[in-house]
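Enquirer: Pasting in a structure now, in structure tokens, and then I'll have a few things to ask.
Just so it is clear, none of the values below were taken in a lab; they were calculated from the coordinates. Because the structure is a prediction, the values reported are computed rather than measured. Reconstructed Cβ throughout: ideal geometry from the backbone, glycine too, with neighbour counts over all protein chains shown.
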Amino acid sequence: MKQRNGGFRSVCAGLGLSAVVLLGGCYEGGREHRAIQDSITPELMGTSQRRVDMSNMTSLSWNTNNRMFWDDLSRAFYTDRPSHLTPYSVPR
């Protein structure tokens with residue numbers, strides 16, 4: 001009977017210590033907490049990309065769109081390939 005009482009005390013002491021540690025870790029005061037709470041992910045600009053990654057993606061999109069624009073313009077004015085109406089042979 002005496003061992004059971006000692007085990008019960010150990011369990012109660014362990015639960016009490018755990019409760020103190022868990023509740024003590026939830027302190028939400030101080031300037032550090034406010035800084036973290038205001039911007040949890042300061043290095044990210046989008047959902048998963050940094051400012052540099054977003055800038056690279058934007059530059060790549062502008063570059064690709066610009067090149068496609070000039071390709072479309074050359075197709076619209078038929079300057080993308082030589083004329084086949086010449087009487088001379090054209091090497092390919």
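Enquirer: How far apart, in nm, are the 7 Å Cα→Cβ label points at M57 and E32?
Expert: Placing both labels 7 Å along Cα→Cβ, they lie 3.3 nm apart.
Enquirer: Calculate the spin-label point distance for R81 paired with N66, positioning each point 7 Å from the Cα along the beta-carbon direction, and give it in nanometres.
Expert: Rounded to a tenth, the inter-label distance reads 2.8 nm.
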